[in-house]
Amino acid sequence: MSERKTYFEKEDLLACGRGEMFGPGNAQLPLPPMLMMDRITEISEDGGEHGKGHIVAEFDIDPDLWFFPCHFPGNPVMPGCLGLDGLWQLTGFGLGWRGMKGQGFAIGAGEIKFSGMVRPTTKVITYNIDYTRIIDRKLKLGVANGKVFADGEEIYNVTGLKVGLAEAES
């Protein structure tokens, strides 16, 4: 395995969102406000529970984030779908980081369990991705399990996250 960067700061993630990290037409993260992380603190090709790679990332929660005033007035919480999207974003990022080519897209998820919420008082959420399967053929596919922690407490547990990469059609 070649030496690759295993820590990414916000500016790195923004460069990925602009298509500068993995090259044009390849995996890229969304740009703010849909970028659901501030840094990737760990990434490996062979770590994790299944030995197929893992990713750990963090998102600093600011009480002024765009979704709190509208979801819900008087009872602000981060929409669960945004935390789920953060897990998909990371699953796809890991495929690009491995050198796999193609544009990313979320395909689905198996079982999703929410056991807590992200409120404006939360300081940081941590994402954990643990790949269970990597397919590198015409269709590139990452299958992973993911967890989201709010200030260290597990609040989401997702199995069977699926993200694919496919070359853009001419």
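The values are calculated or read from the model by the stated rules, or taken from the named source; none is laboratory data. All figures in this text were calculated on a predicted structure; none of them were measured in a lab. Backbone-built Cβ (ideal geometry, glycine too); neighbour counts: all protein chains shown. When the accessible area is computed, the model is the full protein with side chains, heavy atoms only, and any ligands, DNA or RNA have been set aside. Shrake-Rupley method; radii C 1.70, N 1.55, O 1.52, S 1.80 Å.
Quick look at the values:
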| quantity | calculated |
| --- | --- |
| Qualifying residue in the range 49-57 (condition: surrounded by 12 or more Cβ atoms within 10 Å (Cβ to Cβ), on the phi < 0 side of the Ramachandran plot, free of Cβ contacts under 8 Å to residues at least 40 places away in the same chain and not aliphatic (A, V, I, L, M)) | no |
| Filter pass, L31 being out of contact with any His (no Cβ under 7 Å at 6 or more places or on another chain) and open to solvent by 70 Å² or more (accessible area, probe 1.4 Å) | yes |
| Candidate set: the range 124-161, residues that are in contact (Cβ under 8 Å) with a residue 60 or more places away in the chain and charged (D, E, K, R); chosen: the one least open to solvent (accessible area, probe 1.4 Å) | D130 |
| Residues of the range 98-123 satisfying the condition of being part of a loop (DSSP other than H, G, I, E, B), aliphatic (A, V, I, L, M) and open to solvent by less than 80 Å² (accessible area, probe 1.4 Å) | M100, A109, V118 |
| Subset of the range 35-55 (residues that are closer than 21 Å to R119 by Cα and either among the polar types (S, T, N, Q) or part of a strand (DSSP E or B) (or both)) | R39 |
| Tally of residues being in a loop (DSSP other than H, G, I, E, B), closer than 30 Å to K5 by Cβ and either of a type in the set (A, V, I, L, M) or touching a Phe, Trp or Tyr at 6+ places or on another chain (Cβ under 7 Å) (or both) across the range 66-83 | 1 |
| Index of the failed condition, P63 passing every other in (1) part of a loop (DSSP other than H, G, I, E, B); (2) free of Cβ contacts under 8 Å to residues at least 12 places away in the same chain; (3) surrounded by fewer than 14 Cβ atoms within 10 Å (Cβ to Cβ) | (2) |
| Residue within the range 79-92 that is closer than 21 Å to E49 by Cα, surrounded by fewer than 22 Cβ atoms within 10 Å (Cβ to Cβ) and acidic (D, E) present | no |
| Residue that is open to solvent by 30 Å² or more (accessible area, probe 1.4 Å), outside any loop (DSSP other than H, G, I, E, B), out of contact with any strand residue (DSSP E or B) (no Cβ under 8 Å at 6 or more places or on another chain) and without any contact (Cβ under 8 Å) to a residue 24 or more places away in the chain, where the choices are E3, E20, E11 | E11 |
